[in-house]
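Data block below; observations after.
The values are calculated or read from the model by the stated rules, or taken from the named source; none is laboratory data. Quantities reported herein were computed from a predicted structural model and do not represent experimental measurements. Heads up, the Cβs are rebuilt from the backbone with ideal geometry, glycines too, and the neighbour counts pull from every protein chain shown.
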């Protein structure tokens, strides 16, 4: 592995992409692209670290450097998307981590409401974190889209779609459910969420009620009207907590109703219960 | 060139330069602010991720890490903690309290003594939301601070009610101006039935009319059913505002007791049309057939709202109420009453079925 590769190993915890598979160290395609792009990030990274960890406190300079690093990561994502054997892939509004890429040292995040625009948020590691990243297990590759014959696997790694315009809720739900072994898809716009539901066929949808453009009830009606997705259970997650609101939500066909603020543990237990009932298994079954 | 001409010339030059530098300053300031905001947004997202990870009980190491990393961004860290507090419940809130105690509490407690009101304001909100029982004396002191700090404390208490400060809240309510009434309303509503005895006590005190009306409203809003005798006692209060709130609160209690119905019937004959209108509306909710004559008489009121509320109240009495409405709609003595009865009937029964 090259000097740069060894530095990246420190930063990202693992060798990135397929670059190290090349016999001649140069190669073509994905490997070459990775090294070239990573080299530029590495240079930047040293500078950013120097700034962030106390040598230079000039915030504007740091902001500029972070922006530059983000730009580089965006290029990586765009380049890798074109290649076979993707390391990173874009899924609708999310950038998901596939295989052994960027692990915990780089956090991919979306800025603004423009669904076509993505930015990678580079998190810089302290020396302790670096050491930790080197031994931390990497996320497993995401599950393939399930066919009807694989429904029984739902409880082991359920695919949950959350549709909520409150990004903090999306982030929190994504974090907690991912920790529980769920695969989480998200959308902050109901129309996009509906499209994603049709494309991805999640096992369950978590749906906010008050959203701009289309409210949760309308979303639910449209979902129920489409035979391809009408079977998907929906849990409404809303700040509306009056009895009449809850009854209305359940009356529209929601499998359950949870009010905000919510407990992630209760949310997960409701998800398990609903999915278990749908798949004819006990909710107490734990994934292996 | 003459001296006056030189002065004019230089003045103009100065003005142009000044205007240009002002425009430049505005643009530069805007750019700096934009960049600063973008930078803060990036830091905030890091904090969000780290706080989420710190909420995992299996990662106790994360809390000291948070303290070290974001020591320069206490405001942003507090903002994120408060935002998570707003959406999460249960054990996670306990973790948020732990994070606050380990990272920001000491600093914010010191800021509570700051002479700068803005600093105290920011600190007060976080300290109150993440308060433990040991912080009760501090919260009580904050309730006695300036009106702005008091308002922040009240709204923070609404997010995180501390039962131990109920007495202090009522004591402050008694002394406070009327400006913060909405904040008291939200807070007292969040305390629920636990404030019943205090409300009863305060309903008997010589408070300003607005505060008595406020307490009546709270009684109906929670609702505090056992306080209906106190409301009935106040139904003859001289102030109109109080009688309106009493009429509404008696309806909101949803207790069709004879005493309550009698009080509402009395209020339906009040001198003020606002009280009559509210009493008629509340009487409808009682669904008592004994009130049918009172409600039908309300249709002949000289005030539109009274007629409207009486009409809709009659629809809540089932067939008998509807028949009475039909009867009024067909009479010719009072055209306004007939019109209202017809409008209500057409509104609730699809055309062709009436």
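A residue that is in contact with a helix residue (DSSP H, G or I) (Cβ under 6 Å, 6 or more places away or on another chain) and more than 24 Å from residue B:196 (Cα to Cα) occurs nowhere in the stretch B:251-264.
Of the helices (runs of 4 or more DSSP H) that lie entirely inside the stretch A:179-288, those containing 2 or more residues that are under 22 Å from residue B:52 (Cβ atoms) and modelled with pLDDT of 90 or more span A:264-279.
I'd like the full set of residues that are more than 11 Å from chain A (Cβ to nearest Cβ) and surrounded by 16 or more Cβ atoms within 10 Å (Cβ to Cβ), limited to the stretch B:55-66.
Those that are more than 11 Å from chain A (Cβ to nearest Cβ) and surrounded by 16 or more Cβ atoms within 10 Å (Cβ to Cβ): B:63, B:66.
For the residues B:35, B:30, the requirement of being over 26 Å from residue B:121 (Cβ atoms), assigned to a helix (DSSP H, G or I), over 33 Å from the mean Cα position of the chain (by Cα) and within 8 Å of another protein chain (Cβ to nearest Cβ) singles out B:35. Candidates in the stretch A:156-170 are the residues that are in a helix (DSSP H, G or I) and surrounded by 21 or more Cβ atoms within 10 Å (Cβ to Cβ); of these, the one that is nearest to the other protein chains (Cβ to nearest Cβ) is A:169. Considering only the stretch A:237-267, state which residues are more than 12 Å from chain B (Cβ to nearest Cβ) and closer than 15 Å to residue B:87 by Cβ. The answer is A:240, and nothing else.
One line per residue, one yes/no per condition, for (1) in contact with a helix residue (DSSP H, G or I) (Cβ under 6 Å, 6 or more places away or on another chain); (2) at the interface with chain A (Cβ under 7 Å from one of its Cβ atoms); (3) closer than 19 Å to residue A:263 by Cβ:
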{"position": "B:41", "(1), (2), (3)": "no, no, no"}
{"position": "B:52", "(1), (2), (3)": "yes, yes, yes"}
{"position": "B:68", "(1), (2), (3)": "no, no, no"}
{"position": "B:71", "(1), (2), (3)": "no, no, no"}
{"position": "B:75", "(1), (2), (3)": "no, no, no"}
{"position": "B:78", "(1), (2), (3)": "yes, no, no"}
{"position": "B:83", "(1), (2), (3)": "yes, yes, yes"}
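Let's see how each residue does on (1) touching a strand residue (DSSP E or B) at 6+ places or on another chain (Cβ under 9 Å); (2) surrounded by 15 or more Cβ atoms within 10 Å (Cβ to Cβ):
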| position | (1), (2) |
| --- | --- |
| A:193 | yes, yes |
| A:215 | no, yes |
| A:219 | yes, yes |
| A:236 | yes, yes |
| A:241 | yes, no |
| A:245 | yes, yes |
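For the stretch B:54-79, filtering for residues that are without any contact (Cβ under 8 Å) to a residue 24 or more places away in the chain and either under 31 Å from the mean Cα position of the chain (by Cα) or assigned to a helix (DSSP H, G or I) (or both) leaves 4. Set side by side, the residues B:155, B:113, B:133 differ, and just one is out of contact with any helix residue (DSSP H, G or I) (no Cβ under 6 Å at 6 or more places or on another chain), away from every other protein chain (no Cβ under 14 Å) and at pLDDT 90 or above, which is B:113.
Quick one: which helices (runs of 4 or more DSSP H) sit completely within the stretch B:228-311 and have at least 2 residues that are more than 15 Å from residue B:212 (Cα to Cα) and over 30 Å from the mean Cα position of the chain (by Cα)?
B:258-268, B:292-298
Before we move on, is residue A:270 touching a strand residue (DSSP E or B) at 6+ places or on another chain (Cβ under 7 Å), within 14 Å of chain B (Cβ to nearest Cβ) and in contact (Cβ under 8 Å) with a residue 60 or more places away in the chain? No: the conditions fail for residue A:270. For residue B:230, indicate whether it is within 20 Å of residue B:174 (Cα to Cα) and buried (at least 16 other Cβ atoms within 10 Å of the Cβ). The answer is yes for residue B:230.
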